[in-house]
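Taking it in order: structure first as structure tokens, then the write-up.
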Amino acid sequence: MHVHTLTHCRICSGQRRRRFLHLPEMPLTDDFIPRERFGQEFRHDIDVFICEDCLTVQTQHDVDMGDYYEDYQYAVGASPSASRFMRLLAGHLLSKYLAGRKGIKVLEVGSGDGGQLLAFKELGCEVLGYEPSTLLTRAAICKGIPTIQGLFTAGSINYLPASFKTVDVVMLSYTFDHLPQPREFIAAAQSILNPDHGLLVIEVHNLQKILERQEYCLFEHEHSIYLTTATALALAARERMTIIDFDLVPEADRRANSLLFVATPSASRLAGQFPPAKSTAPPELGNLNFYAGQAELIKGGIANLDTFVNRITAGGKRIAGYGAGGRGIMTMAAMQAASKLCYVVDKKPKGVGLVAPKSGVPLVGIPALKESPVDEILVFSFGYMKEIQSELASFGYQPRQFHSLVDVLAGRASQ
């Protein structure tokens, strides 16, 4: 895969960027491989920078992702809690900002298997998805969600059907932070948003929580920027957008690391009707010196993970990982002891006989936990902990056998 190195900030084009984290030889999050091809997968350093001018945290390299995203298979639609979140988002957005309107049109970029758009459709909206993955596009169409397959760029708006040249909502869920040119996207989205009441709804990983929890696993090749409420506000303002909501869905109902915001063109009626949202980011996130110590904290978290796994396996116990999304793959890739995990479980494994990139941990489905039991389970997808514990109770697993990634990173795990 071709890697292109940037020479300027993605947001303000400034030249003053300070690297604060280096993760060597990291893989792509969905690049599972057959055992016999282990070692031939893509690996490249991940360096994370902060712009000294606009304070946006970002990577400074882009990987050619076209073919990779076409084969991408990750989706959360099968999760009851994720489905509930999607229904809440659609319901709250329509009732709070678009109540009484007919024929509401919603475009989702990175629409996956269509789960979020289905929630809007069930509330009477006209919907259209844009998704690069062949498999996920087919899954969405099977649900009755019209979906264009392709990697969305600024020029993609020229190929939207005539009925979607003007829309009421543009939605991105954990997709906006994948875009190599986020400002260019906002400008393109604004060009098709209804100027009176158009809404841009974005969910990304919250940098504040990433650093509080030392979730280094969320620093990925696939991600370009990492926002806080403060940098999100500044980014929107650069494109003449106003963020009017950071609390559309209560935090308790969101996924494990969620910064969700609603923006509208600054000249829209909604911008005048609703007060601009305020940042809740702590002051230290605006202090360049704060970032200098983050690498050491993250190294400490990785050491805690290795110590935890080594302690369990040294006592003769078996341990598995749960959650083969980005959190699991990238967490294991930076560990020394990941190979001591018996396997990593995923609800919908990408295939049979595959291993995780770099760590080489076998990828299995849920039945493996019954067929080849383990003593302890390290839950990478900790936002679904209760759901996972409930589902695996039928296999005889007890709550005490499950350990949250964030607890282990912080050295709070009991064993």
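Taking segment 6-35 as the range and being acidic (Asp, Glu) and either modelled with pLDDT of 95 or more or touching a helix residue (DSSP H, G or I) at 6+ places or on another chain (Cβ under 6 Å) (or both) as the test, only Glu25 passes. Scanning segment 186-201 for residues that are hydrophobic (A, V, I, L, M, F, W, C), within 16 Å of Ser266 (Cβ to Cβ) and either not assigned by TED's automatic domain parsing to the domain that holds Gly115 or not in a helix (DSSP H, G or I) (or both) yields Leu193, Leu199, Leu200. Taken across segment 65-74, residues that are outside any helix (DSSP H, G or I), surrounded by 15 or more Cβ atoms within 10 Å (Cβ to Cβ) and either modelled with pLDDT of 95 or more or in the same structural domain as Pro182 (by TED's automatic domain parsing) (or both) do not occur at all. Would a scan of segment 175-185 turn up a residue that is among the aliphatic types (A, V, I, L, M), touching a residue at least 12 places away in the same chain (Cβ under 8 Å) and assigned to a helix (DSSP H, G or I)? Looking through segment 175-185, none of the residues is among the aliphatic types (A, V, I, L, M), touching a residue at least 12 places away in the same chain (Cβ under 8 Å) and assigned to a helix (DSSP H, G or I). If you filter segment 365-395 down to residues that are more than 22 Å from the chain's Cα centre (by Cα) and in a strand (DSSP E or B), you find that the one that is nearest to Gln214 (Cα to Cα) is Ile377. Applying the selection to segment 310-322, what residues are surrounded by 23 or more Cβ atoms within 10 Å (Cβ to Cβ) and either part of a helix (DSSP H, G or I) or in contact (Cβ under 8 Å) with a residue 60 or more places away in the chain (or both)? Tyr322 - this is the single residue of segment 310-322 that is surrounded by 23 or more Cβ atoms within 10 Å (Cβ to Cβ) and either part of a helix (DSSP H, G or I) or in contact (Cβ under 8 Å) with a residue 60 or more places away in the chain (or both).
For the residues Ile366, Ile329, the requirement of being at pLDDT 95 or above and either surrounded by fewer than 21 Cβ atoms within 10 Å (Cβ to Cβ) or of a type in the set (Gly, Ala, Ser) (or both) singles out Ile366. So is Arg138 more than 21 Å from Asp113 (Cβ to Cβ) and either in a helix (DSSP H, G or I) or under 18 Å from the mean Cα position of the chain (by Cα) (or both) or not? So Arg138 does not fit the description; no. Can you run down the residue pairs with Cβ atoms below 7 Å, 6 or more apart or on separate chains, where the first is in segment 284-301 and closer than 13 Å to Val48 by Cα and the partner is of a type in the set (Phe, Trp, Tyr)? Close Cβ pairs (under 7 Å, with a partner that is of a type in the set (Phe, Trp, Tyr)) amount to Tyr291/Phe20; Ala292/Phe20; Gln294/Phe20; Ala295/Phe20; Ile298/Tyr216. Taking the conditions (1) assigned to a loop (DSSP other than H, G, I, E, B); (2) at pLDDT 95 or above; (3) assigned by TED's automatic domain parsing to the domain that holds Phe246 in turn, Leu94 satisfies each one other than (1). Listed by first and then second residue, the pairs with beta-carbon distance under 9 Å, at least 6 apart or on different chains, first residue in segment 30-41 and assigned by TED's automatic domain parsing to the domain that holds Ser339, second surrounded by 10 or more Cβ atoms within 10 Å (Cβ to Cβ) and not in a strand (DSSP E or B), form an empty list. All conditions but one from (1) more than 21 Å from Phe246 (Cβ to Cβ); (2) out of contact with any Gly (no Cβ under 6 Å at 6 or more places or on another chain); (3) touching a residue at least 24 places away in the same chain (Cβ under 8 Å) apply to Ile145; the one that does not is (2). Here Gly155 passes the criteria (1) outside any helix (DSSP H, G or I); (2) over 12 Å from Gly112 (Cα atoms) except the one numbered (1). Going through (1) within 25 Å of Lys386 (Cβ to Cβ); (2) crowded, with 20+ Cβ neighbours inside 10 Å one by one, His92 falls short only on (2). Every condition in (1) buried (at least 23 other Cβ atoms within 10 Å of the Cβ); (2) under 28 Å from Asp45 (Cα atoms) holds for Thr264 except the one numbered (2). Applying a threshold of 7 Å to beta carbon distances and a minimum spacing of six or more residues, or different chains, the list of pairs starting in segment 246-267 at a residue that is modelled with pLDDT under 95 and ending at one that is in a loop (DSSP other than H, G, I, E, B) reads Asn257/His205; Asn257/Glu215.
So that you can scan it fast, the table gives a plain yes or no per residue for (1) in a loop (DSSP other than H, G, I, E, B); (2) under 18 Å from Thr231 (Cα atoms):
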| residue | (1), (2) |
| --- | --- |
| Leu248 | yes, no |
| Asn257 | yes, yes |
| Val262 | no, yes |
| Ala277 | yes, yes |
| Thr280 | yes, yes |
| Leu285 | no, yes |
| Gly300 | no, no |
| Thr307 | no, no |
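For segment 97-131, the set of residues classified as part of a loop (DSSP other than H, G, I, E, B) and surrounded by 24 or more Cβ atoms within 10 Å (Cβ to Cβ) consists of Ser111, Gly112, Asp113, Gly114, listed by residue number. Screening Pro180 on (1) within 30 Å of Gly301 (Cα to Cα); (2) out of contact with any Asp or Glu (no Cβ under 6 Å at 6 or more places or on another chain); (3) of a type outside the set (A, V, I, L, M); (4) surrounded by fewer than 22 Cβ atoms within 10 Å (Cβ to Cβ) shows it passes everything except condition (2).
The values are calculated or read from the model by the stated rules, or taken from the named source; none is laboratory data. Predicted model only: the values in this text are computed from it and were never measured. Backbone-built Cβ (ideal geometry, glycine too); neighbour counts: all protein chains shown.
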